[in-house]
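A short worksheet on the structure shown next.
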Amino acid sequence: MFLETTAISVEEAAANVEQSVGIVKQTMDDIVKWLINKSGSVIAAFIFIFIGIKITGLIVKLVKRGFDRSKIDSSVAGFLLSVIRIIGYILVFITAATIVGFEVTSFVAILGTASMAIGLALQGALSNLAGGVLILLLKPFKVGDYIVENNGHNEGTVESIDIFYTRLLTHDNRLVVIPNGTLTNSSLINVTSEAKRKVEVTIPVAYNTDLKKMKEVVHGILSEDDRILDSEPKDIFISSFDDSGMTIAIRAWAATSDYWSVLWDLRENIKAAFDENGIEIPYNRVEVEMKN
């Protein structure tokens with residue numbers, strides 16, 4: 001009984017192998033017949049692929065030269081060149097398949113549906129990608145600039161601009177990573193985009209202050225500071241009348257790199273000069289009248 005079962009199994013296996021060999025042989029015969037019938041189209045398709053790849057490479061080189069002349073950021077240039085190359089290859093192979101006789105309509109429909117599905121799944125990432133390309137192309141800020149992002153109230157010096165994220169280093173040495181989509185969809189302030197900035201100091205003085213003397217003292221402080229630009233106007237004026245005194249506004253211009261040091265030094269120097277010249281800096285007082 002065991003020998004009979006073994007013999008049947010061997011016969012079935014041999015039959016299956018023979019059937020598989022027949023299927024493979026038939027498939028190969030069909031492929032050979034198809035190649036013979038389509039030999040001209042296949043040769044034409046291969047020639048087209050060869051020429052198309054060469055033309056795509058030539059287009060990429062020409063675009064790269066244009067990017068080099070326009071001084072586009074290397075990260076953006078590399079990304080765009082890769083996109084152009086991939087699109088060129090896809091068009092070449094789809095056209096070659098059409099030459100051979102394949103029906104590519106269904107393939108294109110499937111490719112479009114897949115692209116839409118991938119786009120919806122990666123919506124946030126694609127938004128950041130587009131934002132990174134726009135930042136690197138339009139250059140609202142560059143590495144080394146100090147920016148303030150108004151949406152999340154983040155600020156710091158730009159350390160790097162990547163395709164998906166921008167990294168800021170805060171004044172207390174913290175690294176802030178912001179998606180590029182957020183930066184392109186909200187307003188921001190580029191603090192260091194200009195070479196000079198206006199420095200403004202406000203300080204209260206008493207109502208009985210000699211304004212002429214006060215202005216002479218402040219002008220002397222501004223004139224002695226070499227970091228303050230003499231070519232720009234210097235303004236000293238009363239900005240408001242308050243309960244305990246007047247608020248004096250002092251405005252001058254300095255190089256952007258000197259802004260903070262000039263601001264801090266002006267405050268200290270004005271306070272010291274006012275004390276030395278007897279100019280009172282008032283504080284809030286409340287007068288109480290007692291009625292019997």
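Rule-based calculations on the coordinates, nothing more; no lab input. Bear in mind the structure is a predicted one, so any value in this text is a computation, not a measurement. Don't worry about glycine lacking a Cβ; one is built from the backbone with ideal geometry, like all the others, and counts go over all protein chains shown.
Table for the structure above
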read-out	value
Selected residue (criterion: farthest from Thr157 (Cα to Cα)) from residues of the range 235-266 that are over 37 Å from the mean Cα position of the chain (by Cα) and among the charged types (D, E, K, R)	Asp243
Given (1) within 20 Å of Leu263 (Cβ to Cβ); (2) surrounded by 12 or more Cβ atoms within 10 Å (Cβ to Cβ); (3) over 34 Å from the mean Cα position of the chain (by Cα), number of the condition Thr192 does not satisfy	(3)
In the range 128-159, residue nearest to Ser257 (Cα to Cα) [restricted to those that are of a type in the set (Asp, Glu) and under 14 Å from the mean Cα position of the chain (by Cα)]	Asp145
Residues (over 23 Å from Phe241 (Cβ atoms) and in a loop (DSSP other than H, G, I, E, B)) located in the range 263-292	Met290, Lys291, Asn292
Yes/no for Ser186 being assigned to a loop (DSSP other than H, G, I, E, B), exposed (fewer than 13 other Cβ atoms within 10 Å of the Cβ) and hydroxyl-bearing (Ser, Thr, Tyr)	yes
Any pair with Cβ under 7 angstrom, 6 or more apart, that starts in the range 259-277 at a residue that is more than 11 Å from Val217 (Cα to Cα) and ends at one that is basic (Lys, Arg)	Tyr259/Arg197; Val262/Arg227
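Conditions (1) crowded, with 18+ Cβ neighbours inside 10 Å; (2) in contact with a strand residue (DSSP E or B) (Cβ under 7 Å, 6 or more places away or on another chain); (3) not in a helix (DSSP H, G or I), marked per residue:
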| residue | (1), (2), (3) |
| --- | --- |
| Val199 | yes, yes, yes |
| Ile203 | yes, yes, yes |
| Asn208 | no, no, yes |
| Lys213 | no, no, no |
| Glu216 | no, no, no |
| Gly220 | no, no, no |
| Asp226 | no, no, yes |
| Pro233 | no, no, yes |
| Ile238 | no, yes, yes |
